[in-house]
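Trainee: Structure below; questions to follow.
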There are 2 protein chains.
Amino acid sequence: MTLPPLSAMSLNITSLHAAYARGLSPADVLREAFARIAAADDPAIFIHLRSADAALAEAAALPPFDPAAFPLWGVPFAIKDNIDVAGAPTTAACPAFAYTPAEDAFVVARLRAAGAIWLGKTNLDQFATGLVGVRSPYGVPRNALDPQIVPGGSSSGSAVAVARGLVSFALGTDTAGSGRVPAALNNIVGLKPSLGALSGSGMVPACRTLDTISVFGLTVDDAWTATRTACAFDPADPWSKPIPMPALSAAPQGLSIGIPDAASLKVFGDRVQAEAFAAATDALRDMGHRICEIDFTPFYDVASLLYEGAWVAERMAAVEPLFRADPGVFHPVTAQIIGAADRLSATDAFRGIYRLAALKRVTASAMAGLELLAVPTIPAFCTLADLAADPIGPNSRLGTYTNFVNLLNLCGIAVPTGPRRDGRPGSVTLLARDGQDVLAAGLARALHRQRAPDMGATGQPLPPAAQLAPQALVTELPLVLVG
Amino acid sequence: MTLPPLSAMSLNITSLHAAYARGLSPADVLREAFARIAAADDPAIFIHLRSADAALAEAAALPPFDPAAFPLWGVPFAIKDNIDVAGAPTTAACPAFAYTPAEDAFVVARLRAAGAIWLGKTNLDQFATGLVGVRSPYGVPRNALDPQIVPGGSSSGSAVAVARGLVSFALGTDTAGSGRVPAALNNIVGLKPSLGALSGSGMVPACRTLDTISVFGLTVDDAWTATRTACAFDPADPWSKPIPMPALSAAPQGLSIGIPDAASLKVFGDRVQAEAFAAATDALRDMGHRICEIDFTPFYDVASLLYEGAWVAERMAAVEPLFRADPGVFHPVTAQIIGAADRLSATDAFRGIYRLAALKRVTASAMAGLELLAVPTIPAFCTLADLAADPIGPNSRLGTYTNFVNLLNLCGIAVPTGPRRDGRPGSVTLLARDGQDVLAAGLARALHRQRAPDMGATGQPLPPAAQLAPQALVTELPLVLVG
């Protein structure tokens, strides 16, 4: 068999490793990736691009191809620029904040040890504050599918880089939905693990109690492989904890899946999105799962706490010295959002914590008997023009189905569900309880294959599915969720 | 066999139930209890005393004596006046705050359903803010053993009522040590359960994220019986959670117990306390346990967060409307402490939470391999004169070995260890991880019997020990504590 021409090859890990097994050289792949980055003609995707020589030298030093020992052998990836890579500047999209770390972030070190090769640091909404991808002094990455639409944020560059096939996968971060919203807007997979699964050591915090590193991939298998590889307990991160990340097995059967009922589904007038979501839930039903409509009001109540409640003060805590010294170096919208923390007292903070505790009881009751929730990843699309007219409102609406997730300690995965009637990408997020990442990912994989959209903006179909072992259920969680 | 004269009888539950089994009437016991309260000649113990008629009517309505079905049958108890009893005022020692609830607190209802009969609402440091028992407009209860010494707080009246033999047991609350410090100062048992074990529904909060109702008893068996009976999951309290509270079994063997090493033991010059603690730890060693000296500095660092960090803002959250309307109705020291919340921002609150998260890693590491910690309940004694000279400093010192406990989500039990060389009461607190209450109580019971001090200020010895079943270990905690 001959190898396909590199220029036509998807960089998804499955295809890449199949080609490596047949003799393709990582150096050729890296050269192709850098060529694609140049051809992409979008200087706003990367804030810092690694030198090709350094990447090629790393590739040359790889041990022999052994994907069992090195599950990311020769896999090029991008890193959101609020995550440290030794020797490269970390800006968090704020040049005045920039520093050059001496060490890789914990997660980056694990990925590299597994054979992955980083190519660049990607653009973001400054300090990961935003879901739109336009709040950066480094420009606005073009949405991979439609330049009228926002790229989504805050992990804008990472999502676009994956969707355009420039890298195999990319790291994002997710506090309010930054690892899911841009996945939906660019037709790729966005995996937001359980809090504590991926160490935050070497990541610039947004809200330390809610942050996690996340993974974008072209397929669920790729996102899962990278997440699993990155996942390990890190004693240096006070929020790190052991989370089960077994190999994906065959899709779980007969699940009970909650969705917003008709009265509480929010699409802000985008009926096409409602249709697309209904089609996706029909697909889940056809796969043998039980779909249960529930009132989503308490989840929206939780979501409102994130920016209207006290958690914005965590964003101030992350940047306070710079903010006090020179607020003018911040993006004006970011400065406005973070500055709101100054109106909040410690008493307000605890009142927010109490309100969340009370709402957790209500949402736990709503989720009783359900293994998963399924929601549209975004309620409606948002154009650059919408955002120019109102920089805050459309951003808030994008977080409708993401803002509550980290506050409730759920994990989730956004997965493409095929083009909507108008051609825009459909996306559903499957949400599970803390530690049940494998359940959400297993179902997401099956749904992705059932809908079988082309990957990202590459125009390429999903690679053939690997045969998986029969389902192994995750051990029941020790914490009782009682209504 | 004839019954002993009532006036000479201890009200501990074991003795009381033995007498009930032989025909003693609850009405006679209640009359005796009210007579003792009158004879105690201390109007500062109770803020509100129940009418004897009401108590006797309740006793008359009890079902036949059946301690298996009603483990607190005919048992008189007192309730700290920040916990609701239907129809009686709740003041939290602030007359302007008073209200009359329509319902019993969840825990009170459970105790009454088990046959316990409440006699009165007890005095406290206003809003449970203090460890001294002198911060109340209702006077200062006299310490049961020595009128020069503070009664201890904030659960002052409850501890003194038990120590003087006026009731069988009493409810306190514990945020910073209010359920342990007064136990030490009055030579009784103080059980502070795991957070979430005893519902906070119907309790005036101090720091909602750290509060628990606690139990004072003359013996560990009594405190355990009342705690077990009160313990149940309460969906209406967002902090309630299922905690195992099995019957006590024979004392656990061969435990590894951490104690402060010589360099970090704090007694503020009270060498007699250091001697008494050494004797108690020798007793634990002689019982076959391994005593491990550890550096206690990180535990003190946690303790300092409680009043110097942001948690004081929780106290403001609990009383803010009244505080804004009329700060003059507060005890001046209480007003000063709670008012400090106004200097704390929401950002400060989250910084405190981050600092605690980091310190939890350090203390977990210090506790690795240990099942329990043993500490002096108080580092040194504190007289009324000390406190008149400085109302804050001596109070803070009393919390040396208690302030860190709830922040670290530990459970604990303070147990008398016999008179010190100078006759003052010795007390050790055994601390265990969340959910391991039965381990701490089992060892406390054995230590109490081994030291065998008279109970409280009653001059009466411990009742004969019941034969217990062999030890049944609590299931391992699901949460990994990693260093």
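Each value in this text was obtained by applying a stated rule to the coordinates, not by laboratory testing. Because the structure is a prediction, the values reported are computed rather than measured. Glycine also receives a Cβ, built like all others from the backbone with ideal geometry; neighbour counts cover every protein chain displayed.
Trainee: What average count of beta carbons from other chains do you get within 10 Å of the Cβ of residues in B:310-317?
Mentor: Values: counts 5, 2, 2, 7, 7, 2, 5, 9.
The per-residue average across the peptide is 5.
Trainee: Let me ask something else. Need one number: % antiparallel among DSSP beta bridges in chain B, to the nearest 5.
Mentor: Numbers: 33 of 48 bridges.
So the antiparallel bridges amount to about 70 percent of the total.
Trainee: Using per-residue counts of other Cβ atoms within 10 Å, averaged over each peptide, order B:213-220, A:322-329, A:178-185 from highest down. Don't skip to the answer; put the middle values down first.
Mentor: Details: B:213-220: 29.5, A:322-329: 12.9, A:178-185: 35.4.
Packing proxy ranking, top to bottom: A:178-185, B:213-220, A:322-329.
Trainee: Treat the count of other C-beta atoms within 10 Å as a stand-in for reagent exposure and order B:Ser396, B:Ser10 from fewest to most. The partial results should precede the final answer.
Mentor: Values: B:Ser396 17, B:Ser10 23.
Ascending number of Cβ neighbours within 10 Å: B:Ser396, B:Ser10.
Trainee: Collect residues whose amide H, placed 1.01 Å from N in the peptide plane, falls under 5 Å from the amide H of A:Ile47; neighbours closer than 5 in sequence don't count.
Mentor: Counting only residues 5 or more places away or on other chains, the set is A:Lys121, A:Thr122, A:Asn123.
Trainee: Pop out the ³J(HN,Hα) list for the range A:320-336 in order, Karplus 6.51 cos²θ - 1.76 cosθ + 1.60 with θ = phi - 60°, rounded to Hz; leave Gly and Pro as x.
Mentor: So the Karplus estimates, Gly and Pro as x, are 4, x, 5, 5, 6, 6, 7, x, x, 7, 8, 4, x, 5, 4, 4, 5 Hz.
Trainee: Let me ask something additional. I need the peptides B:144-157, A:276-289 ranked by packing, meaning the mean over residues of other C-beta atoms within 10 angstrom, with the highest value on top.
Mentor: Values: B:144-157: 27.6, A:276-289: 17.5.
Most protected by this proxy first, the peptides run B:144-157, A:276-289.
Trainee: Next question. Taking square-rooted eigenvalues a ≥ b ≥ c of the alpha carbon gyration tensor, is the protein assembly as shown rounded, prolate or oblate, where a/c under 1.5 means rounded and, failing that, a/b exceeding b/c means prolate?
Mentor: Working: a/c = 2.20, a/b = 2.18, b/c = 1.01.
Prolate is the answer for the protein assembly as shown, as a/c is 1.5 or above and a/b outweighs b/c.
Trainee: To one decimal in nm, how far is B:Ala61 from the same spot in the other copies, if labels go 7 Å from Cα toward Cβ? Please give the shortest first.
Mentor: Copy-to-copy label distances for B:Ala61: 8.1 nm.
Trainee: Which far-off residues, 5 or more places away or on another chain, put their amide H under 5 Å from the one on A:Trp118, with H placed in the peptide plane?
Mentor: For A:Trp118, whose amide H was placed from the backbone, the distant partners under 5 Å are A:Phe77.
Trainee: Give me A:Phe70, A:Phe169 ranked fewest to most by other Cβ atoms within 10 Å of their Cβ, as a rough exposure proxy.
Mentor: Numbers: A:Phe70 19, A:Phe169 30.
Fewest-to-most ranking of A:Phe70, A:Phe169: A:Phe70, A:Phe169.
Trainee: Let me ask another. Read phi for every residue in the range B:222-229 and hand back ³J(HN,Hα) as whole Hz from Karplus 6.51 cos²θ - 1.76 cosθ + 1.60, θ = phi - 60°, with x for Gly and Pro.
Mentor: 5, 4, 5, 4, 5, 5, 4, 5
Trainee: Holding the Cα-Cα limit at 31 Å, pick out from A:Lys241/B:Lys241; A:Lys80/A:Lys241; A:Lys241/B:Lys266; A:Lys360/B:Lys192; B:Lys241/B:Lys360 the pairs that are longer than that.
Mentor: Details: A:Lys241/B:Lys241 21 Å; A:Lys80/A:Lys241 23 Å; A:Lys241/B:Lys266 33 Å; A:Lys360/B:Lys192 25 Å; B:Lys241/B:Lys360 21 Å.
In this structure, A:Lys241/B:Lys266 exceed 31 Å between Cα atoms.
Trainee: Which of A:Trp239, B:Trp224, B:Trp73 has the fewest other C-beta atoms within 10 Å, and how do the rest follow up to the most? Provide the component values of the computation, followed by the final result.
Mentor: Working: A:Trp239 20, B:Trp224 27, B:Trp73 23.
If I rank by nearby Cβ atoms, fewest first, I get A:Trp239, B:Trp73, B:Trp224.
Trainee: Shape verdict for the range B:7-123, please, from the Cα gyration tensor: rounded (a/c under 1.5), prolate (a/b greater than b/c) or oblate. Don't skip to the answer; put the middle values down first.
Mentor: Numbers: a/c = 2.31, a/b = 1.46, b/c = 1.58.
Oblate is the answer for the range B:7-123, as a/c is 1.5 or above yet b/c matches or exceeds a/b.
Trainee: Can you give the Rg and Dmax of chain B based on its C-alpha atoms, in angstrom?
Mentor: Spelled out, the Cα radius of gyration and Dmax of chain B are 20.7, 68 Å.
Trainee: How big is the antiparallel share of DSSP beta bridges in the range A:48-184, given as a percent to the nearest 5?
Mentor: On the way: 3 of 11 bridges.
If we restrict to bridges inside the range A:48-184, about 25 percent are antiparallel.
Trainee: Over all residues in A:350-357, what is the mean tally of Cβ atoms on other chains that come within 10 Å of each residue's Cβ?
Mentor: Values: counts 16, 7, 2, 8, 8, 1, 1, 5.
Mean shielding count: 6.
Trainee: Here is a follow-up. Name the shape class, rounded, prolate or oblate, that the alpha-carbon gyration tensor gives for the range B:217-325, where a ≥ b ≥ c are the square roots of its eigenvalues, rounded holds for a/c under 1.5, and otherwise prolate holds if a/b is larger than b/c and oblate otherwise.
Mentor: Numbers: a/c = 2.40, a/b = 1.25, b/c = 1.92.
Judged from the Cα gyration tensor, the range B:217-325 comes out oblate (a/c at least 1.5, b/c at or above a/b).
Trainee: Where the centre of each part is set by its Cα atoms, how far does the range A:417-451 sit from the range B:250-293, in angstrom?
Mentor: Taking the Cα centre of each part, the range A:417-451 and the range B:250-293 sit 57 Å apart.
Trainee: Alpha carbon centre of the range A:144-215 versus the range A:1-80: separation in Å?
Mentor: So the two Cα centres are separated by 20 Å.
Trainee: Ordered shortest first, which distances in nm separate the 7 Å Cα→C-beta label point of B:Arg271 from those of the other copies?
Mentor: Ordered by increasing distance: 8.9 nm.
Trainee: I need the inter-copy label distances for A:Ala368: point set 7 Å along Cα to C-beta, values in nm with one decimal, smallest first.
Mentor: 4.1
Trainee: Which whole-Hz ³J(HN,Hα) couplings does the range B:97-106 yield from phi under the Karplus relation 6.51 cos²θ - 1.76 cosθ + 1.60, θ = phi - 60°, glycine and proline marked x?
Mentor: 8, 4, 8, 10, x, 8, 10, 5, 4, 3
Trainee: Are there trypsin sites (Lys or Arg not before Pro) in the range B:1-64 that DSSP marks as loop and that have at most 14 other Cβ atoms within 10 Å, and which are they?
Mentor: On the way: sites: B:Arg22, B:Arg31, B:Arg36, B:Arg50; in loops: B:Arg22, B:Arg50.
Listed in order of number, the matching sites are B:Arg22.
Trainee: If amide hydrogens are placed 1.01 Å from N in the peptide plane, which non-local residues have theirs closer than 5 Å to the one on B:Ser345?
Mentor: Correct list: A:Ala346.
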